[in-house]
Amino acid sequence: TLGTQTDYRDGEAQTDPYSPEYVVPSGSVPELLTLATLTWGRGLPAGLAEVEMIERAREKRAWEAILPAMDNASQIVKRRKMMDDMERKEWAFREQEIEKLQEVQLEVLKKLLRRREENHNELDAKRLDDHWQNHQKAKEEKIKKIQHDCAVMLRKLIAKRKNVMGKLERRDIIKEYTDFASQTYAPLSRTGYFPDNHSEHYVVKNFYLNTFAGLCELEASLPDSVTHIKIKAPKPKYTTTKTGFIKRSARLEVELAQVHQALLEKKNKVKEPKKPLRLLEKVKKPVPRPPTPILENPSIEEEETELAVICLQKLLRGRAIQNMMFEGKEKRLELIQELHTTHALQEDGQLLLKAEEQMTLALQQQHDLQMHKLSSVENHLAREEGRVLANMFDFLSKELVRLQEERKIHAFVMLAERQRRMREAEESGRRQVEERRRQEEDEIFRQAREGDCTIDSYLEDIILSSMENTAEEQAREEIQRMAVEINDIAYEMESRRTRLQSEEIVAELVYDFLIPEAEKMSMREKVRQSQRKHIYAAHQIIHRGTE
């Protein structure tokens, strides 16, 4: 009677479907009860395989309904024949199922092998690319070295060609200074001169601008007229126009003057002393305070816009102040230059300043060296850390992939083993039922025929044994008679045979037996010789490949 609202989907909280209890009326066998072995997750919801199984069960029940009764011998023979046919069909169907399962397992194995082959191919391709990159780098370095050596040799040859006779030439200073491409103006680094070295010496450094003490001294040396600016009051302008109207600026000035006068009066006003109370005065209740306003939180976009506007205002104000300072410096530039040129320090002060400057430079150089060492050490440490982390992550990722593949293969193997065991159990149960049913039917048939067939079988055995004995005696007499006749004919032919007939018989034997055997042996030898060439060539190819 209560309803709830959850944060989960229905599929995440779904359980197995409920199967209520049931009662079967006596004398009825519902078809639905034949599916009681199917449960949720094991056959339900029904798929194509379950539908085929249901259809086969229906066909088998229909076949069992049309089986003939065991009331006479002909019906029993027909029943046995039908049962044999059904058993063959069932065995054929089971063989097909086993073949399908084997094909599925074979496909899974092929996929795994194909995936492993692809991984191997990818690794081989990556290794080949790495080798190719290394070879390309070595090749580029070698080509660069060859080009450098070639340029050096060309310069040497050009220098030798200028002075083929080997005469000594004096240095022409005028020519060097007139040619702006000479070593005087643009020396080459290969001669030992590096123009970028010690470039900080050319940076303009001023004691008065780079140090606090210099700024203080410069400010003290300036006159008061520079630091304290005198502002002259502007002369009153005309407040009326030609037509007689008062200008807006004049009106604003008058209003400002009035406000200023009111502020001065309020400031200079003397407070009156409080008078003593004569009578009780009624205390008025204070006015109730208005409700406190609630400020809505602005959106993120409005906050970002406001921050951007504030930043832009700061930039504009800073730029305005910078422009004001630059204008002031430009106005007093001549005075600053005059102070720079006319101001001179004493000798002791200059020596002290030079000593302080040298000490400062030494400390700065030492600090720069320390910072350079620290930065180089940090770079090396970061490079080593990156290499170690990269190797560790690579190893962990490969191990993770390998474990996942092993788990997948193990899951496939366990699933196949479970299906095989389930099918074997089902097959063994079916086979036991069939064997038990066959034994029962054989026992019934044997007991039915046992009383009727005893006398007939006895008479048939006596007649068959007498017929076999009579046939054996007649066959022996016939064989002995034919042997005597054949011996007589052979002895008679042997007595009448001449020498020529004997030689002819020998020749026929030789022609029919010896010559064909010799031809067979020669033919086998030829075939062996022809095959030996091909075998030798194949052996050479195989050995060459293995070497």
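The values are calculated or read from the model by the stated rules, or taken from the named source; none is laboratory data. Since this is a predicted model, take the numbers as computed values, not measurements. Quick reminder, even Gly has a Cβ in these numbers, built from the backbone with ideal geometry, and neighbours come from all protein chains shown. Note: areas computed on protein heavy atoms with side chains; ligands, DNA, RNA excluded. Shrake-Rupley method; radii C 1.70, N 1.55, O 1.52, S 1.80 Å.
Before moving on, here are some points about what is shown:
- Filtering VAL24, VAL51 for residues that are at pLDDT 75 or above, of a type in the set (A, V, I, L, M, F, W, C) and not in a helix (DSSP H, G or I) leaves a single hit, VAL24.
- Considered as a group, the residues in region 65-82 that are in a helix (DSSP H, G or I) and loosely packed, with under 10 Cβ neighbours inside 10 Å include one that is nearest to the chain's Cα centre (by Cα), and that residue is ALA65.
- Selection within region 158-172 - surrounded by 10 or more Cβ atoms within 10 Å (Cβ to Cβ) and part of a helix (DSSP H, G or I): LYS160
- Tally, over region 409-440, of residues that are open to solvent by 70 Å² or more (accessible area, probe 1.4 Å) and among the acidic types (Asp, Glu): 4
- Here GLU406 does not fit the description of being open to solvent by 100 Å² or more (accessible area, probe 1.4 Å), among the acidic types (Asp, Glu), assigned to a helix (DSSP H, G or I) and more than 30 Å from GLU95 (Cα to Cα).
- Verdict on LEU109 being within 30 Å of ARG423 (Cα to Cα), within 27 Å of the chain's Cα centre (by Cα) and free of Cβ contacts under 8 Å to residues at least 12 places away in the same chain: yes
- In region 119-156, the residues that are among the acidic types (Asp, Glu) and under 30 Å from THR191 (Cβ atoms): GLU140, GLU141, ASP149
- Residue satisfying all of: in region 173-197; open to solvent by 100 Å² or more (accessible area, probe 1.4 Å) and at pLDDT 75 or above; farthest from the chain's Cα centre (by Cα) among these: ILE174
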